[in-house]
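The values are calculated or read from the model by the stated rules, or taken from the named source; none is laboratory data. Computed from a predicted model, the values in this text were never measured in an experiment. Every residue, glycine as well, gets a Cβ built from its backbone with ideal geometry; the counts of neighbours run over all protein chains shown.
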Amino acid sequence: MIIRPVRRGPVWVTAHPEGRAAVVRGTVAAVRARGTRPGPRSVLVIGASSGLGLATRIAAAFGHRAATVGVCLERPGAPNRPGTAGWYNAAALERELPAAGLYGRTVVGDAFGDAVKERTARIIADELGGVDLVVHSVAAPRRTDPVTGRTHHSVIKTLGAPFTEKSFDAATDSVRSHTTPSASPEEVADTVEVMGGGDWERWIDALEAHGALLGGARTVAFSYVGNDWLAPTYRNGTLGRAKEHLEATARTLDRRLSGSLGGGARTAVMRALVTPASQVMPVQALYTLLLSRVTREAGLLETTDDQARRLLDHWYGGRPAPVDGEGRIRLDDIEMRADVQAEIRRRWDKVGGPETLAELGDLEHYRRAAERLHGFGVPGVDYTAPVDPVRPVPDALLVP
């Protein structure tokens, strides 16, 4: 079939297998070109099919020669329907790994479920003897608690009064006003259940129970802080409350792993990036457009791949990143520089119609990045040619 880009607002409906395979190959080639360095021996990435999870898995495998296991929940293609971009990412990566002589397994299933945890832990213990790095990179709209059976839904809302600000309308590539509504106590609690640290801790429980953690094992989960004036939409909102829980969980896990294994746990505060998750946050998307332009013009732009590399370099022989008083690895250090924030705010106050968005923000770069996340707009790919949307993930373990 011929696969064309289709989206509903910020949500993409289609993905192109050849485009995503080309992007994955390009990322792998870029990592290998930097050479290999000492690093983790074996890595589990929970949420490994896109964004920071995918980037970290590629960096660990091809930059450090680590064996990797990735967990994801993605939809495969069918003869008359394309699969998700994440499925095509996993399919492409699982072909690159053995070609480079590297171990790789993908577990496809609900990372929140106990069955996936159990099967993954057993694979790691049996085939690798354990992992020494666990990366938790799950961004999901809902989670079904395996104990209670209740499904919790995450929301992007404020903890106080409704908050109105500028935002980016992906459907029209324009700036509009957006009001983030107030959350109820139940919505706050549900968002923490989905996006907080509870499931991260359950993963560590399962891995320890099966002897799947090596001595000195470390674990990291991704967080975000952001600036003060947009805090109601993130850090002072439901997502921020979930991140506070995630960071508290890191401190608990750090005490536990440092005592039992000589390892540790941290959250890594990442910079705002163009990812599948960030695209559905309209206020944050506009901020990212401006941040991208400001840092690019200053020679300070970092991609998702750059952030993943910096995270591993922090722990494995590269230049350490700043660590704040709460023990968080601060990979948002460039974003939060006073001069960068001042310039973003200056542009934020001026941005309005489509012409100012192109002038002040990184509109074209954002468009290209969004397209590439789903396999479109990739040089060298013939989008007029029919392609087979069915792409198996070699040696995948499918957990119902």
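Which condition does PRO394 not pass, out of (1) under 23 Å from the mean Cα position of the chain (by Cα); (2) over 27 Å from ALA170 (Cβ atoms); (3) assigned to a helix (DSSP H, G or I), if it passes all the others? PRO394 satisfies all of (1) under 23 Å from the mean Cα position of the chain (by Cα); (2) over 27 Å from ALA170 (Cβ atoms); (3) assigned to a helix (DSSP H, G or I) except (3). One residue is enough: does segment 350-373 have a residue meeting the conditions touching a Lys or Arg at 6+ places or on another chain (Cβ under 6 Å), over 23 Å from ASP228 (Cβ atoms), surrounded by fewer than 19 Cβ atoms within 10 Å (Cβ to Cβ) and touching a residue at least 60 places away in the same chain (Cβ under 8 Å)? The answer is no; no qualifying residue exists. Residues in segment 111-130 that are more than 21 Å from LEU261 (Cβ to Cβ) and either touching a Ser or Thr at 6+ places or on another chain (Cβ under 7 Å) or free of Cβ contacts under 8 Å to residues at least 60 places away in the same chain (or both): PHE112 only. One residue stands out among those in segment 317-375 that are modelled with pLDDT of 95 or more, among the basic types (Lys, Arg) and assigned to a loop (DSSP other than H, G, I, E, B): the one that is farthest from the chain's Cα centre (by Cα), which is ARG337. LEU133 falls short on exactly one of the conditions (1) in a strand (DSSP E or B); (2) free of Cβ contacts under 8 Å to residues at least 12 places away in the same chain; (3) of a type in the set (A, V, I, L, M), and that condition is (2). Of the residues screened, ARG256 is not one that is farther than 14 Å from ALA369 by Cα and under 18 Å from the mean Cα position of the chain (by Cα).
Just to verify a result, which residue in segment 120-144, among those that are of a type in the set (D, E, K, R) and crowded, with 19+ Cβ neighbours inside 10 Å, is modelled with the highest pLDDT? Selected residue: ASP132. Reported count of residues in segment 201-230, each being closer than 26 Å to ILE334 by Cβ and either of a type in the set (Phe, Trp, Tyr) or touching a Phe, Trp or Tyr at 6+ places or on another chain (Cβ under 9 Å) (or both), is 11. Within segment 140-154, residues that are touching a residue at least 40 places away in the same chain (Cβ under 8 Å) and over 14 Å from TRP200 (Cα atoms) have Cβ atoms under 6 Å from residues that are assigned to a strand (DSSP E or B) and among the hydroxyl-bearing types (Ser, Thr, Tyr) in these pairs: ARG142/THR151, counting only partners at least 6 apart in sequence or on another chain. Kindly establish whether ASP332 is of a type in the set (Asp, Glu), buried (at least 19 other Cβ atoms within 10 Å of the Cβ) and touching a helix residue (DSSP H, G or I) at 6+ places or on another chain (Cβ under 6 Å). No; evaluated as a whole, the condition is false for this residue.
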